[in-house]
Each structure stands twice: as C-alpha cells, then as structure tokens.
Amino acid sequence: MTPLSNSIDHLTQTFRESGLRVTHQRLEIYRELMEARDHPTAEQLYRRLRGRIPTLSLDTVYRTLTTLVTHGMVKRLETVESQARFDTTRQRHHHIICKRCNEIMDFHWPLLDETPLPGEVDSWGRLDGVNVVVYGVCARCLAGDAQPT
Ligand SMILES: [Zn+2]
Ligand SMILES: [Zn+2]
C-alpha cells in the first residue's frame, strides 16, 4: 500500500478534485481527522485544533464536517453513542466497534471489497459504498470483566 501524503499540496488537490473551496480551517480540520486514529467526535477535533487555530469555533467544525461528508471525503459513523464519530474516506476499510468502551477499530477486508454485490442490490440504484460494521466487546473490556471488583 502506498503511504498517503498529508502535505498541504496534496490535500489542496483532494479538495479541488471534490469541487470544494480550500480554506485554511477546512484543510486543518481534514488533516487532523486524517491523522487521528480514534475516529473522533466533532468536539474532540475542536479541542485538538483550537490551540493551533484560536479563531476556530465548534460550529465551524460541525459545518465543515457536514460539508466534507456531503462531498464524500468524510464518513459519519453510525454508532450507539449520542455524538457522531468521524473518519476520512481515503482508504477503504471497515469498522469493529466495542459496545462497552466505544472504541472503533479499523480493519481491512480485501476479499469482501472484491466481491460483487447480489444482483438485487446492484440494480437498486446508485450505490455509494459498502461498509461493514462489526459489533462486540473488545479484549480489554472482556479482561476487565474477569477481574474481581
Ligand atoms: Zn472495549
Ligand atoms: Zn475507520
């Protein structure tokens, strides 16, 4: 797999290709999300960015994420939590979510990605993506269960 470039030039290009106006704040929000491994909420992103961008508002983070979702650059993850979690769509991957600690881990499933969809799905309409979400309880939480309280 080729490493993804996080350079400003490369990101600017990505924005242009998606038909998006490039602003400093948009770039920074997208880059922060790209480098995050924990699928943060909008508020977490805001807290991480506000030291670097003092003029940033939480509202801007929300609006930017919504715009990026609309343009297919960011994915809003469906979780059981009240706050949405976000991820970039640059690398195709699937998710496994711990129902206890809400950790979201990425995993790759090339075999599935190459499998054609059943005919009735294929003819349904325009398909934008296939993502698998696996739910369960992670090993750390399971280990915690085993310990006496
Ligand atoms: Zn867990
Ligand atoms: Zn992910």
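Okay, residues lined up against (1) in the same structural domain as residue 109 (by TED's automatic domain parsing); (2) modelled with pLDDT of 90 or more; (3) part of a helix (DSSP H, G or I); (4) open to solvent by less than 20 Å² (accessible area, probe 1.4 Å):
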| site | (1), (2), (3), (4) |
| --- | --- |
| 1 | no, no, no, no |
| 22 | no, yes, no, no |
| 27 | no, yes, yes, yes |
| 38 | no, yes, no, no |
| 53 | no, yes, no, yes |
| 59 | no, yes, yes, no |
| 64 | no, yes, yes, yes |
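Residues in region 131-142: is at least one modelled with pLDDT under 90, under 23 Å from residue 81 (Cβ atoms) and open to solvent by 80 Å² or more (accessible area, probe 1.4 Å)?
no
Kindly indicate the residue of region 77-89 that is near ligand 2 (Cβ under 10 Å from one of its atoms) and farther than 12 Å from residue 131 by Cβ and also modelled with the lowest pLDDT among those meeting that condition.
Once the filter is applied, the top-ranked residue is 88.
For residue 103, are the conditions met, namely being surrounded by 12 or more Cβ atoms within 10 Å (Cβ to Cβ), within 16 Å of ligand 1 (Cβ to nearest atom) and assigned by TED's automatic domain parsing to the domain that holds residue 23?
no
Answer yes if at least one residue in region 83-90 is in the same structural domain as residue 128 (by TED's automatic domain parsing), touching a His at 6+ places or on another chain (Cβ under 8 Å) and within 16 Å of ligand 1 (Cβ to nearest atom), and no otherwise.
The answer is no, given that none of the residues of region 83-90 is in the same structural domain as residue 128 (by TED's automatic domain parsing), touching a His at 6+ places or on another chain (Cβ under 8 Å) and within 16 Å of ligand 1 (Cβ to nearest atom).
Filter region 66-76 for residues that are open to solvent by 30 Å² or more (accessible area, probe 1.4 Å) and touching a residue at least 40 places away in the same chain (Cβ under 8 Å); which is farthest from ligand 2 (Cβ to nearest atom)?
67
The values are calculated or read from the model by the stated rules, or taken from the named source; none is laboratory data. Source: prediction; values computed, not measured. Heads up, the Cβs are rebuilt from the backbone with ideal geometry, glycines too, and the neighbour counts pull from every protein chain shown. For accessibility, only protein heavy atoms count, side chains too; no ligands or nucleic acids. Shrake-Rupley method; radii C 1.70, N 1.55, O 1.52, S 1.80 Å.
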